[in-house]
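Nothing in this text is a laboratory measurement; each read-out follows from the coordinates by a stated rule. This structure is a prediction, so every number in the text was calculated from the model and none was measured. Here Cβ is always computed from backbone atoms with ideal geometry, including for glycine, and neighbour counts include all displayed protein chains.
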Amino acid sequence: GESVGLHLPTLSVQEGDNSIINCAYSNSASDYFIWYKQESGKGPQFIIDIRSNMDKRQGQRVTVLLNKTVKHLSLQIAATQPGDSAVYFCAEKGDGNKLVFGAGTILRVKS
Amino acid sequence: DTGVSQNPRHKITKRGQNVTFRCDPISEHNRLYWYRQTLGQGPEFLTYFQNEAQLEKSRLLSDRFSAERPKGSFSTLEIQRTEQGDSAMYLCASREAGGNTEAFFGQGTRLTVV
């Protein structure tokens, strides 16, 4: 079946450093991927998306990289700020247009 | 605020009671999703509507769960005879029709069954 896995690791970074959060997916037919940020007690917030015909997409302070050969996604956050502290999920569009989520990565930003 | 709205934000209920949650999607979005999220996990898909039609249901959605979207706008999720294992955050998301577009989530309803 489909699965997107993050195994809930925790990433601690110093304020101002760059962060890289990784994600592996299993469905090679997936054509659309999204990164979400979730703060405690809130719903997931869209950060950036990428379609499978791209290997890189940049937003404001964030970059998503897609490596279809090894079925790997990464989210890079430049100049990480305390407000970036949250749980980050990658999701892939599965059958029937639903999103399949992994377990999340906790990002802690130290001031 | 024109985002996805969910009510109530929190619900505490006794085991065996019925509960109903409401989701108001972004108005021009015809696709609406319900997810469930437990602590430390990513959201798990429950069901999906396109307009008023319920097009897909997860096997997680037991016969105690029912969802409706009668006029293709707001949706309700009802859980009958709640169990402690139903305690979770219930999230609603909506997105536009068409291919690959992002889904926007509400703030969720936190259900605690005691």
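A simple spin-label model places pseudo-atoms 7 Å from Cα toward Cβ; at A:Gln76 and B:Ser58 they are separated by 3.3 nm. Treating each Cα of chain A as an identical point scatterer and summing with the Debye formula, the log10 of I(q)/I(0) at q = 0.10, 0.13 Å⁻¹ comes to -0.26, -0.44. The distance separating the Cα centre of the stretch B:7-75 from that of the stretch A:67-111 comes to 24 Å. Within straight cross-link reach of A:Lys56, meaning Cα distance under 22 Å, which lysines are found once same-chain residues fewer than 8 apart are removed? Reachable lysines: A:Lys37, A:Lys68, A:Lys71, A:Lys93.
Once you divide the Cα radius of gyration of the stretch B:16-76 by 2.2 N^0.38 Å, the number left is 1.14.
Averaged over peptide B:7-16, the number of partner chain Cβ atoms lying within 10 Å of each residue's Cβ comes to 0. Just the Cα atoms of chain B, one point each, no solvent: what log10 I(q)/I(0) does Debye give at q = 0.23 Å⁻¹? Scattering profile of chain B, log10 relative to I(0): -1.36. GNM on chain B, alpha-carbon springs under 10 angstrom: the most fluctuating residue among B:Glu83, B:Glu102, B:Glu56 is B:Glu102.
With the charge dipole of chain B set up from +1 on Lys and Arg Cβ and -1 on Asp and Glu Cβ about the Cα centre, the Cα lying farthest toward the positive end among the listed residues B:Gln50, B:His10, B:Cys92 is that of B:His10.
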